[in-house]
Amino acid sequence: MEYISPLASLVQCFCRQECLRKSVSKQCSYFDKPQTILGRLNEQMRVLNARETDIRQMLTIERVRNGMEPKAEVKLWLENVDQIKDSVNKVKEDSADDRRCLIGCFPNYYFRLKLGNMVEEQIHKVNELLEQGKFSEGAVVGMLPERGKTLPATMLMGETAKRSSRRIWHYLMDETIRTIGIFGMGGVGKTTIMIEINNRLVREDVRFDTVIWVTASRESNLPKLQNDIAKSIGLCFDSDDDGMTRASKLWNALRGPKKFLLIIDDLWEAFPLQEVGIPSQEFSNSFKLVITTRSLSVCRGMETMREVEVELLSSEEAWNLFKHKVGEEVVSSLSIEAVAKEIAKECGGLPLAIATVGRALRKEYNVRQWRIALRELQNSTIRIDGMENQVLSRLRFSYERLKDDTTRSCFLFCAVYPKDHHVNVEELIRYWIYEGLLGNLGDMETKMQQGYILVDELKNACMLESIYQHGSIDEHVKMHDLIRDMAIALTGGNQIFMVRAGQSIHKPPLHEEWHPDLERVSLMRNDLSSLDCEPRCPKLSTLLLQYNSLSKGINPSFFNHMQNLQVLDLSYTGILRLPDSFSNLENLRALLLCSCWNLHCVPTLSKLKELRVLDLSYSSIEHMPHGMEMLTNLRCLDLSQCRANDFQSSFLSNYRMLENLLLIGLWQSLELGKVFVDQLTSCINLSLFEANFRTVEDFNYYTMSGHWSQVESFKFCIGYPESSMRFGRNSVALIGAHMFHREILALLPGRIHELVLLACSGINHLPTSISFASSQLQICKLQHCDDMEWIITSGWSTFPTLESLEIEGLGKLHTFCMGIPQEGTLANLKVLHVSQCNDLKTVLSFELVQNLKSLEEIVIENCERIEEIIDDERGGEDVTQVDNAEIIFPRLQKLKLSSLPRLTSICWNRVMICDSLSIIEVHKCPELTALPFFVEIRQLLKQSLKQIKGSRRWREDLMKSHPDCIGLLYSIFKVTQSSAAYDIFEPQNSAANEIFEEDDGRNIGESASSSFGPR
């Protein structure tokens, strides 16, 4: 220490201002042991940090348990603590810099002196905060938190949006529902609906103490989501908290006694709730989660308990919204109104598009500008202000978020169809396979299943929508017009795709329009009579020309410069002959000539060695094309209902790659005997086989070979089918066959899904062999079998999987089941149709009805002698208490009774319960004046019923039998004009009758649906 004092005196001469503040001995301690003072500061900071932690924990507890917020004094203290932390950290950083002087030989005592004073100053401030932080009990909190934030909102337009809003609100008020998913395509109004609900919840003191709104957005990640949620509830994370710690803090905060609603808007990917810290339904009864997303898959990934799809606006709603955006005074002009309605229609019910286009044309009185806008929308060349940035860019991002390049490529292919076209899903997937979009490995059946999965992904992402097509059992989808426009724009317009499908064009594209870079051309569903140019399109892979007349033919050199063409579809055209250049398409994979009614011959196929698919079904071809034996890569050969009469079964030995062989209705009278069966066995990859046999004996000969057990899907027809007949997968149809019970179908395939007996004689019930092979039977149709007296025999089979039973024209049928049916008989039956069975007096026995708990639809028509639908032969004096049991159809949705002149009751003196019944139709049943489920209408039935159809006379009879019930259901009656013959005594000008003339306009498709779709 001897040298310290003189040195300190020397330093004092130069630093008098600093040194005078404190004693020389204290300042000397800065020189000798600079870390000592820092240790004091660290110790005080540890105390301050501990106190801050205690106070923050207290705040969290009070916030969660009691909904209290910190007082302003406490908030200020916490802010000062944060500031002092920053200051102390700065001092620590400075102290780490060991500054020296005189070329590093001596410490920099001036710097140490200055640093010591700074540390002392920080210690003083920390001590002050420690004193200030001694808050008395109850002084920490005292402010009630905000319930949530009111967000900028727009008014909900249209009943569609309001209906979705009501459903969401209903689920929010249901205590048993914890998680709700709201999904729909971009711009459909999901966020708008949820903002309206958020503001209503914040405004009204209803179910939730706190409503949290978080926008996930495109780039959102779990840490950001955690921070946004924490910020909304006033929860703070420490800088060193890891993901698990943050999740734990959130979890404890959100599962308290307070009722939280968390709304996550625009979620793109599902995440595990526990990783964020969101309580799942098993751990919290006071927390609810709502997400909005463009993908149903995200809802499923988040394990939502209820999902609500926000649908597009109806035509009327779209028009009203468009008028609101444009201005009523503009569209009131007669010259503009018609064009405006077309523009509103082109927006496809998408609210965002309607609003954007409406704003762009607001106050526009020049009809020319309106027509330009309409033309751009129709031609997918949209240059309307705001459409690119506000609409198409959002839809394009949905495309970019698709799972992979395969999904994106398959989605773009959907644009080749016309606007608003109902696309057959199986046909679409086959195109994907033909083009190789699903890869070149694996069999067609596997790729078909892969395709269905991919279609579901596109539907779940709201890029395609499911469509019910009346009268069709096939699945259909549709692409929204604006999504289609976006897809075409992504392909570079007419550079890669030329899509002019369904535009009713008469003139083919000019030569210069066939760009060399074209990869796909779709001219389907037009009025083209010829193609007279010679396009140079070396990259063209798909050419779709179906549904054109082409009666004037195709230029002989048309295909000369299409060496890469892989898919050519000329189906449903009136073409007379294919041009010679067709035979040089050596890379062609799929040639589709279905229903070419004028095509009698096809040029040689000898060079088409890459051909995988040849479809000549329903065509007028009289001879098989030359060169068939060269098609060694053939996977699919379809000759259904083809007129060719020289098919050689010996070709099959060359088709070792063949997977699909369809021969039902081939005009050639094939005798599928030993030679043909031997040829079939060489097709070891065959998975789909369809063929018709001349007689039952021929079919038995085939089944004895065991070949059918090798294929995955089959259709067998005994007899010659009409071209209009359609059979489902794994079906057997017997047409005009005379059968004997002992020899019929001895080795019937055990995987039958559908059985059809049409005009078959020699049997009075379903043969025993069919009963034994019924373990997978789902559909059974029995039509015009004149000798059939009953359907099933008790003790043989219960038909446990049968879902649909259609009976028509069985003139001798007098009962369904001979004997008392076993328990479980027809337990899965959903649809029952009976018509033209004129010997029936009753349809179902009481014992059989006890098994029909899955029945969804009953249709009984044109049966002259039916008196009662459900018969109870044990009625009368011997009826026991058990016999008086109720008849219950828990799933019945539709009941239709028509042209039953002797029908007096559905079930005599029985209570009937049908709480799911949606539609009742009764026509030309003059003796039916009462319905058993209207004796005392149940609340569930009153809510379920959507429509009752019948004549005025029948309605009045019901009102006499059930006055109270019919009064409650007055508004859903619809008087049918077809029943006018029964109304000749009714007053025609009754005001009450005019009420019933009007349909209530409800969409009953969903309510009337069954497992087979709406009916």
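Starting from residues that are of a type in the set (Ser, Thr, Tyr), assigned to a helix (DSSP H, G or I) and at pLDDT 80 or above, keep the ones in region 944-1000 and report whichever is surrounded by the fewest Cβ atoms within 10 Å (Cβ to Cβ).
Ser971
Can you tell me which residue in region 162-221 is modelled with the highest pLDDT, limited to those that are of a type in the set (Gly, Ala, Ser) and surrounded by 20 or more Cβ atoms within 10 Å (Cβ to Cβ)?
Step by step, filter region 162-221, then rank; the result is Gly181.
Only residues that are in a loop (DSSP other than H, G, I, E, B) and either at pLDDT 80 or above or not charged (D, E, K, R) (or both): list them for region 343-363, please.
Passing the criteria: Cys347, Gly348, Gly349, Leu350, Leu361, Arg362.
Go through region 196-216 and give me each residue that's of a type in the set (A, V, I, L, M) and touching a strand residue (DSSP E or B) at 6+ places or on another chain (Cβ under 7 Å).
Leu201, Val202, Val211, Ile212, Val214, Ala216
I'd like the residue in region 899-912 that is crowded, with 18+ Cβ neighbours inside 10 Å and outside any loop (DSSP other than H, G, I, E, B) and, out of all such residues, is farthest from the chain's Cα centre (by Cα).
Ranking the candidates gives Cys907 first.
Would you say Lys90 is of a type outside the set (Gly, Ala, Ser), at pLDDT 75 or above and in contact with a Ser or Thr (Cβ under 8 Å, 6 or more places away or on another chain)?
no
Evaluate region 328-342: report whether one residue or more is assigned to a loop (DSSP other than H, G, I, E, B), buried (at least 17 other Cβ atoms within 10 Å of the Cβ) and touching a Leu at 6+ places or on another chain (Cβ under 9 Å).
no
Determine which member of the set Glu803, Glu789, Glu823 is closer than 16 Å to Leu758 by Cα and either touching a residue at least 24 places away in the same chain (Cβ under 8 Å) or small (Gly, Ala, Ser) (or both).
The match here is Glu789.
I'd like to verify a number: residues in region 396-424 that are in a helix (DSSP H, G or I) and modelled with pLDDT of 90 or more, how many?
Result for region 396-424: 12.
Any idea which of Glu789, Glu806, Glu823 is under 41 Å from the mean Cα position of the chain (by Cα) and assigned to a loop (DSSP other than H, G, I, E, B)?
Just a single option satisfies the conditions, and that option is Glu823.
Could you say whether any residue in region 545-557 is assigned to a loop (DSSP other than H, G, I, E, B), more than 22 Å from Asn379 (Cα to Cα) and among the aliphatic types (A, V, I, L, M)?
Among the residues of region 545-557, at least one is assigned to a loop (DSSP other than H, G, I, E, B), more than 22 Å from Asn379 (Cα to Cα) and among the aliphatic types (A, V, I, L, M), which makes the answer yes.
Can you list residue pairs whose Cβ atoms sit under 7 Å apart, with the first residue in region 918-937 being of a type in the set (Lys, Arg) and the second being part of a strand (DSSP E or B)? Count only pairs 6 or more apart in sequence or on different chains.
Lys924/Ser898
Please determine, by comparing only the residues of region 440-469 that are out of contact with any His (no Cβ under 7 Å at 6 or more places or on another chain) and β-branched (Val, Ile, Thr), which one is surrounded by the most Cβ atoms within 10 Å (Cβ to Cβ).
Top of the filtered list is Val455.
Conditions tested, residue by residue: (1) assigned to a helix (DSSP H, G or I); (2) assigned by TED's automatic domain parsing to the domain that holds Ala270; (3) within 12 Å of Val308 (Cα to Cα); (4) not hydrophobic (A, V, I, L, M, F, W, C).
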{"residue": "Arg163", "(1), (2), (3), (4)": "yes, yes, yes, yes"}
{"residue": "Arg167", "(1), (2), (3), (4)": "yes, yes, yes, yes"}
{"residue": "His170", "(1), (2), (3), (4)": "yes, yes, yes, yes"}
{"residue": "Glu175", "(1), (2), (3), (4)": "no, yes, no, yes"}
{"residue": "Gly181", "(1), (2), (3), (4)": "no, yes, yes, yes"}
{"residue": "Gly187", "(1), (2), (3), (4)": "no, yes, no, yes"}
{"residue": "Asn198", "(1), (2), (3), (4)": "yes, yes, no, yes"}
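Glu427: at pLDDT 90 or above, within 30 Å of Gln566 (Cβ to Cβ), surrounded by fewer than 20 Cβ atoms within 10 Å (Cβ to Cβ) and touching a Ser or Thr at 6+ places or on another chain (Cβ under 7 Å), yes or no?
no
Based on this model, can you work out whether Phe699 counts as among the aromatic types (Phe, Trp, Tyr), assigned to a strand (DSSP E or B) and surrounded by 21 or more Cβ atoms within 10 Å (Cβ to Cβ)?
No: the conditions fail for Phe699.
Filtering region 228-244 down to residues that are surrounded by 17 or more Cβ atoms within 10 Å (Cβ to Cβ) and farther than 30 Å from Ala355 by Cβ, which residue is nearest to the chain's Cα centre (by Cα)?
For region 228-244, the residue satisfying everything is Ile229.
Considering only region 284-303, state which residues are part of a loop (DSSP other than H, G, I, E, B) and out of contact with any Phe, Trp or Tyr (no Cβ under 9 Å at 6 or more places or on another chain).
Matches in region 284-303: Asn285, Glu303.
The values are calculated or read from the model by the stated rules, or taken from the named source; none is laboratory data. Everything quoted here is computed from the prediction, not taken from an experiment. Neighbour counts are summed over all protein chains in view; Cβ atoms, including those assigned to glycine, are modelled from backbone coordinates with ideal geometry.
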